[in-house]
Each structure stands twice: as C-alpha cells, then as structure tokens.
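Colleague: Dropping the structure in here first, questions after.
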Amino acid sequence: MMGGHAERDHALFSASGAHRWLECPGSILLEKDFPDTSSDAAAEGTLAHELAEMKAVNYFYPAVISKKKITYAVKKMKENELWDDEMLVHTDTYVDYIRDVSMKLPSQPRMDAEHKWDYGKYMPPGYEAEGFGTADCTMVQGEKLFVIDFKYGKSPDGRVSAEHNPQLMLYALGAYEVYKLLYPIKEVHLAIVQPRLTDGISEWECGINDILEFGGYVKERAALAVSGNAGYSPGVKTCKYCRARAVCRARSDHNVKQAFTLGEMPPLITNNEVGERLMAMRDVVTYQKDLQDYALKECLAGKEVQGWKAVEGKGKRDWTNQDAALSKLTKSGVIEEEVLWEKVPLTLAQIEKAVGAKDFHDAVGEFVIKKAGAPTLAEESDKRKAITNKVTAEEAFKEEK
C-alpha cells in the first residue's frame, strides 16, 4: 500500500486534471499522445504525500502502520535529496486536521487513505475504465462523507479552494457509489489542507444531491470531450498543466490576439484599461516561454522550426581541480591563502534545514522575525490583504499628534 505514489496509473479523465477537461473538453484528446512530465516540486510533493499517508493510517489503524514503521520509513526518506525536515511538521498539520474533524463526530469514522475511487459510470461508453482518481483522505460516518486533500505547494499563487472543487467532487462521486450501500449519506464535506501557506485550510460543504447533480454535468462534458466536436477554452489555469499547451492552436491564436489585437490606442490608458489588459494578457508571457521551450526541444532533436535554431549559450569558466589550483597559487607566493577564502555563514533557511525545524525553533526562535515581502501584483480574487502606500486619515492624525 505504501510508497507507490509515483508509480500510480493516471486516468484519461483524471480527477486531478478535472478543472482542465471540464472547462476545456477538447484537451482530452488533444494531449493524450503527449508524454507526461514531472518536476522536482512534484517529486517533493510525492515524498510528502507518502509520509502523510503513513501518519494518517497510523492514527486510525496503528496495527497496520506502527510508529516504528514510520520511524524506519523516515530514515530511508532522509536519503532522498528532496527531503526536508519541514515535511515532518507539515504532515503533522495535515493529520492534526483529520484528527480534529474525526473527533467532532459521534463515533470514529471509517477512514481510507490514498484510496482509488472509480467514477467510471459518469464516463462515455467505452471509457468507463478511464474515470478514476486517488483521494488523500476519505472518511464516512453516519450521514456525512468527508474528502480531504493534502497540497504541498508553497506558492500563494497556487492556493486551492475547496468550494466547488471538481477534483474533490469527483472523489466524492466515486466514494459515494461505494459507501451508499452502507451509509445513508446526505452531507458532503470537502477540505483542502495546504500547510505551507498561511491560512492554508479551505473548507466547503454541500448536500449529496449537489454532488449527484455535478455528476450529471461531468457526464455531459466527458461525452463532449470524445465526441470529436469538443471546443477549446484556453486560459491561465486551464492551460497550465495541459501537455499540449505549447502547440495548441486555440491557445496560440488566443494569446496572439491578446498581444497584438488591441485596437486604436489612446495617448494614455486609464487604470481600468490597465487592469483589463493585464487580465487579458496574463497568459501571454507564460505561453511565449512554453513555445520557446518547445521550439528549442524540436531544434535539438534535429527538426526544423522556421526562422529559429539552437545555439550554444553563454559559457563560463570553471576549475578542473580547484584544490590543486588554490594550493599552487599559495605555494607560489602569488597570493596569501587568507585572501582566497571568504567566511560567510549559511542562510537562515540552510541552518534550519541542517539543525531541524523543531531544534532550530527551540534554540534560536527568539532571534527570528519574518519581514514583510516586497509588494507584488495579484488578482482581486487572491485572499491576501491588499496593501497601499496611501496614508489613511487615521494614520495622518496619529502622526500629527
């Protein structure tokens, strides 16, 4: 059961990609022959999920996963270059949330960790085997069904909301099909736990009829996706993880239009126009980068991309043997050894990683402050508090006093 996160099968109609194929059904067939890729961030998330799964199972079923087994597993995990002691803290936050939810129930719920749920009945004929997804934590008790998802991303731009979340709602559909024979489910509680973000918990609840109504919508969109007449809906979030994003004609046309079809330009644009154009062009830069990466890959493979070629970038000099070179310099008397070295302390984050988060906090936590980050632009829907350099009347009055 444990440690198979990276090797899991991926469904054509995956739950994790539901936000994309429900919004852009044409992407299902468009991207299916493109290779799946991974990243260090994804691999780091996989490692954290494996630890989170073990801790959740240990809490509910200690006979299945003992503390001793977790200790041994963590020892092995620490050999992974992506390991960070913060994983111990963040996975505790996730399991603490699950524990708190379960303790409020009349009796201990049934809990399934990293369970593969099948929602194939909502898929088109012939594609029933392509509708499934693995939920981090599913619990059921009496009339209540809980779906809890662990997200390990740390970028505020990657904050995920549980409200009407299609990934979690698909898990709920699959879980309901199994649980409905044993439990009179009426309420569905969805939650996202993102422990690396401030206020990283999002919750939403609805009735089971809302989930079943969503299932009808899924069935319509999935059928459209394989009909051959599906449309495309390019956008920042829709295209972000689509494997065909670099060469999708709909996305290309959309971004070229946003970049160049601006109409007659007045001498100065208003703030409203600034906002509108930023919103319209928010995917243009990302698309250009995706297109450049794809073109470089094609050129390196010996294929022709009209007007472009792959060339060697700016190189840099390096030692073949640094120790031998520095030794020769000092022995020759050209330079003093002290001049060759600069004593610089590790960064705060590096020291914390070397010491361990808990020991670091206990030892020197009193000397650590968190400075405000530099102002950055975000969409109005972002949950972070807006800041301004404008002095309020209240602040001005305080200064006068």
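The values are calculated or read from the model by the stated rules, or taken from the named source; none is laboratory data. Because the structure is predicted, anything quoted here is derived from the model rather than measured. For neighbour counting, all protein chains shown are included, and Cβ atoms are generated from backbone atoms with ideal geometry for every residue, glycine included.
Colleague: Look through segment 305-332, keep the residues that are touching a helix residue (DSSP H, G or I) at 6+ places or on another chain (Cβ under 8 Å) and closer than 17 Å to residue 247 by Cα, and return whichever of them is surrounded by the fewest Cβ atoms within 10 Å (Cβ to Cβ).
Modeller: 308
Colleague: Take the conditions part of a strand (DSSP E or B), in contact with a Phe, Trp or Tyr (Cβ under 9 Å, 6 or more places away or on another chain) and of a type in the set (A, V, I, L, M) and apply them to residue 212. Does it pass?
Modeller: Here the answer is no, as residue 212 does not meet what is asked.
Colleague: Tell me which of these residue 65 doesn't satisfy, since it passes every other one: (1) of a type in the set (A, V, I, L, M, F, W, C); (2) without any contact (Cβ under 8 Å) to a residue 60 or more places away in the chain; (3) surrounded by 15 or more Cβ atoms within 10 Å (Cβ to Cβ).
Modeller: That leaves (2) as the condition not met.
Colleague: Could you pull out the residue among 79, 114, 130 that is among the acidic types (Asp, Glu) and farther than 29 Å from residue 186 by Cα?
Modeller: It is 79.
Colleague: Further question on the same structure: Yes or no: residue 349 exposed (fewer than 12 other Cβ atoms within 10 Å of the Cβ) and either assigned to a loop (DSSP other than H, G, I, E, B) or assigned by TED's automatic domain parsing to the domain that holds residue 86 (or both)?
Modeller: no
Colleague: Which condition number does residue 100 fail, the rest of (1) within 19 Å of residue 57 (Cα to Cα); (2) in contact with a strand residue (DSSP E or B) (Cβ under 6 Å, 6 or more places away or on another chain); (3) loosely packed, with under 15 Cβ neighbours inside 10 Å being met?
Modeller: (2)
Colleague: Another question, if that's okay. Among the residues of segment 42-62, is there at least one that is part of a loop (DSSP other than H, G, I, E, B) and charged (D, E, K, R)?
Modeller: Of all residues in segment 42-62, those part of a loop (DSSP other than H, G, I, E, B) come to 61-62.
Add one more test, that the residue is charged (D, E, K, R), and what stays is none.
There is no residue in segment 42-62 that is part of a loop (DSSP other than H, G, I, E, B) and charged (D, E, K, R).
Colleague: Another question, then. Return yes when residue 34 is in contact with a Gly (Cβ under 6 Å, 6 or more places away or on another chain) and either touching a residue at least 24 places away in the same chain (Cβ under 8 Å) or under 25 Å from residue 146 (Cβ atoms) (or both) and no when it is not.
Modeller: no
Colleague: Considering segment 5-54 alone, what residues qualify as being of a type in the set (Lys, Arg) and surrounded by fewer than 20 Cβ atoms within 10 Å (Cβ to Cβ)?
Modeller: 8, 32
Colleague: Sticking with this structure for a sec: All but one of (1) closer than 30 Å to residue 25 by Cβ; (2) hydrophobic (A, V, I, L, M, F, W, C); (3) touching a helix residue (DSSP H, G or I) at 6+ places or on another chain (Cβ under 7 Å); (4) modelled with pLDDT of 90 or more hold for residue 280, so report the exception by its number.
Modeller: If we test residue 280 against (1) closer than 30 Å to residue 25 by Cβ; (2) hydrophobic (A, V, I, L, M, F, W, C); (3) touching a helix residue (DSSP H, G or I) at 6+ places or on another chain (Cβ under 7 Å); (4) modelled with pLDDT of 90 or more, just (4) comes out false.
Colleague: OK, next. Out of the residues in segment 294-304 that are aliphatic (A, V, I, L, M) and touching a residue at least 12 places away in the same chain (Cβ under 8 Å), which is nearest to residue 242 (Cα to Cα)?
Modeller: 295
Colleague: So which of 220, 213, 187 ends up being among the acidic types (Asp, Glu) and closer than 22 Å to residue 99 by Cα?
Modeller: Within the list 220, 213, 187, the selection yields 187.
Colleague: Do you know which residues across segment 220-237 are assigned to a helix (DSSP H, G or I) and modelled with pLDDT of 90 or more?
Modeller: The answer is 220, 221, 222, 223, 224, 225.
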